[in-house]
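Reviewing the structure listed below.
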Amino acid sequence: MTFTLTKPARPALVFSAVALAAALAGCAAPGAMPTGPAPATDAGTSQGTRAPLITVPPTSIGNWIDLGEFNAPWLAGDSPVPVTGPNAPTRVAGWRREDGRWLAIVLVQTAPANGPQCPLANNQEVVAGGDDGHCLRMRRNADYDGWMARQNSVLHQWLAARGWSALPRSWVAYRVPNESGPALEVHAVFDPNLIEPVTRNPNDFLIAGAPGTQWARQLGAAAREAGSTGRLAVPQFPYTPRVAVAPAPAPVVTAPPPARATQLTPAPRPLPEPRADRE
C-alpha cells in the first residue's frame, strides 16, 4: 500500500525503515513515511549499519514515496568496493507525478570503513570548482548516446528492473569516503526540467547551467552531513516540474446540409420536318 503526501506545505518528511522480505531480496516495496529518530546500527544488515534516513522537501505536484530500505549491489559502478553481491545497505525515495511518471529517484548506500575513495571520473562528469575533487559528479543528460547504460550499467539496470526510470533524466552522485567509519554514496536521477530553466534569449542560455550546479553542490553538502547525522536531507530543486499542456480539442466538423434538388424541365424536342414525298 502506498502512502502519499496530502499536505504539500508540510515541512520535510522522513522516510523510515521498511524491512520487508521482498525488499531484502532486492525488490523494494512502497511504504509509509512516519517520522522517527535516525537509527545508529542494525545487526540485521550485512554491514552492521543502516543507510541514512531520507528527508524530502515539500511539493505541490505529485508525491514523494518511500521505496524501501534493503540490501542491494553497490550501484556506483566505478572503483572496487569492499561489498560483494547485493549486500550494501540501501535506502530509496522517489518523487512520482499524478500520471505515474517518476520525476526523481534518490538513493543512499553505505560501505564498510576503508571503503572506496572518490572515483577517478571523467572531467566531463566532475562538477568544477569547490573542494569536492572527484567526489561530486554530474551528467545533465545521463542517457545521451547511451552514457548511463555504459558507465553506470548496474545502476541503469537496477532502476529499470523496478520501473523507476523515465527519460530523459539527469544524474548527480556524491561519495563520502571515511577512513574510520562507513563510507556513503548518494545517487539522484531526475527530470532535467527540475534544474534547467526555460531559455528565451542568449543570456538565459549562458547562465542556464548555474542552478543545476548549485543544486548538485547542495546535495553533496547534504551527503556529508548525512554521514554524521544519519539523515539525508534532499535539497529543494530550483524549478518545479513542467506540466504538459493538454492538446487542443479537435475541431468539430459538421457535415454540410444536403443540397436541395432542383427540378429541371427538359426543353421541348423540335417536331420533325414533313417529308417531301408526302406533301
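The values are calculated or read from the model by the stated rules, or taken from the named source; none is laboratory data. A quick note: this is a predicted structure, and the numbers were derived from the prediction, not measured. In this analysis, Cβ positions are derived from the backbone assuming ideal geometry, glycine residues included, and neighbour counts consider all displayed protein chains. SASA here: full protein model, heavy atoms, side chains in, ligands and nucleic acids out. Shrake-Rupley method; radii C 1.70, N 1.55, O 1.52, S 1.80 Å.
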Residue-normalised accessible area of region 53-233, given per residue in Å² at a 1.4 Å probe: 41
Label-zone membership for region 162-200, site Glu225, 7 angstrom Cα→C-beta point, backbone N under 13 Å: none
Distance in nm between Leu271 and Ala161 label points, each 7 Å along Cα→Cβ, equals 10.5
Enumerate by residue number the GluC sites (Glu not before Pro) in region 168-246 meeting two conditions: DSSP loop (anything except H, G, I, E, B), and at most 11 other Cβ atoms within 10 Å of the site's Cβ. Glu179
At q = 0.16, 0.18 Å⁻¹, what log₁₀ I(q)/I(0) does region 53-233 have when each alpha carbon counts as one equal point scatterer in the Debye sum? -1.00, -1.30
Want the number for Gln236 to Ala208: 0.36 nm per residue separation, take away the alpha-carbon distance, what's left? 8.4 nm
With both partners inside region 53-233, how many of the DSSP beta bridges are antiparallel, as a percent to the nearest 5? 90
Would you calculate the separation in nanometres between label points at Glu98 and Arg150, each defined as 7 Å from the Cα along the Cα-to-beta-carbon direction? 4.0
Among 65-72, 229-236, how do they line up from the highest to the lowest mean number of other beta-carbon atoms within 10 Å? 65-72, 229-236
